[in-house]
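Worksheet: the structure to be examined is printed underneath.
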Amino acid sequence: MPEHARRRRRTALITGTAGAAVLAALSLAPGADGAPSPHAMPKGDLPGWEQIYAENFNSAVAAPVRVGQVSGCNHYADTPRAYCSGLSGKWRETLWAYPSGWEDTAKSGNDGNTGAPFGGTYEPHKTVSIGKGYDGTGALRVSMYRPAGGGDNVVGTVVPKKCMDMKDGRYSARVKVTKADPGFKSAWLRYEGGGAEVDYPEVDDYRGGNVAMFSHGRGAEWNVQTRAVMTTAHTYTWERRGSTVTVYLDGKKLRSGPTTLTTSSWIWQNESRIERDRSKSNGGYALPGAKAVIEVSWATCYKAVG
């Protein structure tokens with residue numbers, strides 16, 4: 001099992017919020033030209049940051065990567081040398097996915113997550129594609145589902161390789177969930193085996209709550225609740241420099257706080273619902289035939305300079 005799957009259990013309770021005091025102090029994160037640019041993909045370096053990855057997936061509109069091509073991903077797994085043999089060209093060079101058969105957190109039961117009646121299995125060749133997105137531009141798409149006959153969910157996690165094994169880094173992506181049956185979630189994260197972790201964006205169910213950010217680690221436990229929902233397009237940005245993490249939503253600064261991260265990778269982890277929703281008779285878990293689709297319109301990452 002990959003180390004990234006052995007993550008701590010997240011609580012459904014939010015201990016810190018983006019309430020009036022925080023919102024009053026919001027500031028705009030600069031775009032590449034120094035002006036706010038929450039929607040367009042930033043191009044070029046930022047003060048203190050060198051851009052090392054920027055992808056809007058537009059080239060895949062005319063030459064799509066279809067479902068089935070993101071396969072053979074168990075080569076040098078979970079390292080910067082990892083690749084999916086079913087991909088070619090820049091897609092093999094820049095993207096990797098959790099290999100077929102790896103279990104998601106709900107199924108593996110890691111971190112005490114043993115309450116879900118079933119979980120999911122990562123199957124990139126069944127879930128990941130790149131092509132025309134919901135707005136006509138390019139998008140990376142993860143299409144998760146529970147088979148009509150029941151059984152475990154089929155889910156997918158993608159890793160931008162150039163954003164792996166970074167110390168200080170800045171990460172940004174424009175994301176929208178375009179199909180949202182109950183039972184599926186996201187926790188985009190950097191994780192270290194010693195317990196340090198940052199998750200953003202995270203939501204326990206695409207239909208059941210607002211996006212949150214969580215920081216985990218001894219002396220670094222804090223979180224932020226936003227008003228964003230993943231079924232609306234938003235730009236999620238966060239950066240880690242030294243022992244500090246700063247979180248942004250649509251170009252607006254939400255909060256800075258401590259982190260115990262040292263070096264880890266940016267993982268776009270999309271998986272089965274973990275926490276039971278006690279207001280629903282089936283716990284909010286995916287029903288047979290349920291589907292969820294998450295689309296990434298663009299993504300960038302930076303390394304710290306200076």
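The values are calculated or read from the model by the stated rules, or taken from the named source; none is laboratory data. Source: prediction; values computed, not measured. A quick note on method: Cβ atoms are made from the backbone with ideal geometry, for glycine too, and the neighbour counts reach across all protein chains shown. When the accessible area is computed, the model is the full protein with side chains, heavy atoms only, and any ligands, DNA or RNA have been set aside. Shrake-Rupley method; radii C 1.70, N 1.55, O 1.52, S 1.80 Å.
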Could you list which residues have their amide H under 5 Å from that of Tyr83, counting only those 5 or more apart in sequence or on another chain, with H placed in the peptide plane? His75
Which whole-number percent gives the relative contact order of the chain, counting Cα pairs below 8 Å spaced six or more residues apart? 25
Within straight cross-link reach of Lys291, meaning Cα distance under 14 Å, which aspartates and glutamates are found once same-chain residues fewer than 8 apart are removed? Asp152, Asp181, Asp205, Glu271
Contour minus Cα-Cα distance for Glu221 and His39 (0.36 nm per residue): 62.5 nm
From the C-alpha gyration tensor of the range 175-306, square roots of 5λ in Å: 27, 17, 13
Per the 1/(1 + (r/R0)^6) rule, R0 = 45 Å and r from the Cβ atoms of Asn74 and Arg276, FRET efficiency to 0.05 is 0.90
When a/c is below 1.5 the answer is rounded, else prolate if a/b is larger than b/c, else oblate, so apply that to the chain with a ≥ b ≥ c taken from the square roots of the Cα gyration tensor eigenvalues. rounded
The set of residues whose placed amide H lies less than 5 Å from the amide H of Trp102, leaving out same-chain residues fewer than 5 positions away, is Tyr122
Just flag the trypsin sites (Lys or Arg not before Pro) in the range 209-255 sitting in loop per DSSP whose Cβ has no more than 11 other Cβ atoms within 10 Å. Arg218, Arg227
Taking the alpha-carbon distance from Lys43 and a cut-off under 19 Å, which lysines remain once sequence neighbours fewer than 8 residues away in the same chain are dropped? Lys90, Lys161, Lys162, Lys252, Lys303
Hits in the range 164-191: amide N under 14 Å from the 7 Å Cα→Cβ extension of Asp135, namely 173-178
When the helices in the chain are scored as -39500 (n - 2.57) per DSSP H run of 4 or longer and the sum is shared across all residues, what 222 nm value do you end up with, to the nearest 500 deg cm²/dmol? -1000 deg cm²/dmol
Once the Cβ-Cβ distance between Ile52 and Phe118 is put in as r, and R0 is 45 Å, what FRET efficiency do you end up with, to the nearest 0.05? 0.70
In sequence order, what are the phi-derived ³J(HN,Hα) couplings for the range 295-306 according to the Karplus relation 6.51 cos²θ - 1.76 cosθ + 1.60 with θ = phi - 60°, rounded to whole Hz, with x for glycine and proline? 10, 9, 7, 6, 8, 9, 8, 9, 10, 6, 10, x
The range 48-99-the range 116-148 distance, computed between alpha-carbon centres (Å): 15
If you roll a 1.4 Å probe over the heavy atoms of the protein chains, what accessible area per residue do you get for the chain, in Å²? 40
Can you list residues whose amide H is under 5 Å from Gly133's amide H, if they're 5+ apart or on another chain and H is modeled 1.01 Å from N? Gly138, Ala139
